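The values are calculated or read from the model by the stated rules, or taken from the named source; none is laboratory data. Please read all numbers here as calculations on a predicted model, not as lab measurements. Every residue, glycine among them, receives a Cβ derived from its backbone with ideal geometry; neighbour counts consider all protein chains shown. All accessible areas refer to the heavy atoms of the entire protein, side chains included, with ligands and DNA or RNA removed. Shrake-Rupley method; radii C 1.70, N 1.55, O 1.52, S 1.80 Å.
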Amino acid sequence: MPTFQHQRSRGGPPRPPSQRALFFAAAGLLLAGEAVFWLMLAAVQTNSGLALLDGGVHTALVEGRSASATAILTAVSTVTSPAWMTAVGGLAALGWAIRNREIWRPALLLGAMAATLAVSTIIKHQVARGRPSASDFLMGPDDALSFPSGHTFGTGVFALVLAYLLLGGAGARTVRRSTAVLAFSAAALGTLLVAFSRLYLGYHWLTDVVASMGLAVAVTGVVVLVDGLRAARMSTLAERPAELQGAGPEAADALAAGRGHFAEDLGVGGAGWRRVRVKVPPDGGI
């Protein structure tokens, strides 16, 4: 029976971060985000905790408005509406798929945006929380429900998930720690700006936007987990020796091609693997 052995060639690309570290990161994001959301929901339903600050924060922002801040934050809120962010996410995924000829990461981004819109709609109708007084709205009437903030939720998911995927996703390539910190800091600041715009313009309570930020972190954790599980499966398939029983040279060529395909999809490249030895018994394995 032919047997194959493979090993990492020296001088190959650096090893990606361990899958265990990636799974711990995903679990941490998911648990932290869920904890924030449920704490905000409990505060809203019992009128306690951070919900006690809702009225005061709303009043302070309404009384402190200025023309320049209103113009800037109105523009921010306009371009980050749930409909706009879903459309932007879809276009970004489509462009990414066409340019880079890949499906997985664009599909992750598109799936995250679609899930965000669905989850936000479901929670709004389940909680059924009213918005602040319509007399304080600066962008016209809005009869939608208040909890959570769809603008904040959608922007947070788009920014955080995009940052993760652009940095390689599942450790597909190594990046500088400073680059990762800057990317995720920019995503967080963008989300905070949108959250502040919704408070300033009078459409949401403080607990609405905090809950949305927690949900965005949780969805990002789910994306990291799903991506990590797929990468672990592909890594296993790429490294597992094939069991060729009674196979001819066609099967060996198929194995080599398949191994190169998986390695290339992981960002390793076919050059990182090489066949070391092939043993074929004199009787041809029959």
message = Regarding segment 80-88, can at least one residue be identified that is at pLDDT 90 or above and buried (at least 21 other Cβ atoms within 10 Å of the Cβ)?
response = yes
message = Looking only at segment 215-226, how many residues end up being surrounded by 23 or more Cβ atoms within 10 Å (Cβ to Cβ) and not aliphatic (A, V, I, L, M)?
response = 1
Residue within segment 35-42 that is more than 20 Å from residue 236 (Cβ to Cβ), at pLDDT below 95 and open to solvent by less than 50 Å² (accessible area, probe 1.4 Å) present = no
inquiry  = Looking at (1) in a loop (DSSP other than H, G, I, E, B); (2) modelled with pLDDT of 90 or more; (3) not polar (S, T, N, Q), which one does residue 199 not meet, given that it meets all the others?
reply    = (1)
Test: residue in segment 109-122 that is among the hydrophobic types (A, V, I, L, M, F, W, C), open to solvent by 30 Å² or more (accessible area, probe 1.4 Å) and over 19 Å from residue 33 (Cα atoms) = yes
remark   = Scanning segment 28-55 for residues that are in a helix (DSSP H, G or I) and polar (S, T, N, Q), the one nearest to the chain's Cα centre (by Cα) turns out to be 45
message = Whether any residue in segment 141-157 is out of contact with any helix residue (DSSP H, G or I) (no Cβ under 9 Å at 6 or more places or on another chain), farther than 25 Å from residue 90 by Cα and without any contact (Cβ under 8 Å) to a residue 40 or more places away in the chain is what I want to check.
response = no
query = Right, residue 105: under 26 Å from residue 221 (Cα atoms) and loosely packed, with under 14 Cβ neighbours inside 10 Å or not?
reply = no
inquiry  = Given the criterion surrounded by fewer than 24 Cβ atoms within 10 Å (Cβ to Cβ) and not aliphatic (A, V, I, L, M), identify the matching residue among 149, 185.
reply    = 185
task = Looking only at segment 62-102, count how many residues are of a type in the set (Ser, Thr, Tyr) and over 17 Å from residue 149 (Cβ atoms).
result = 3
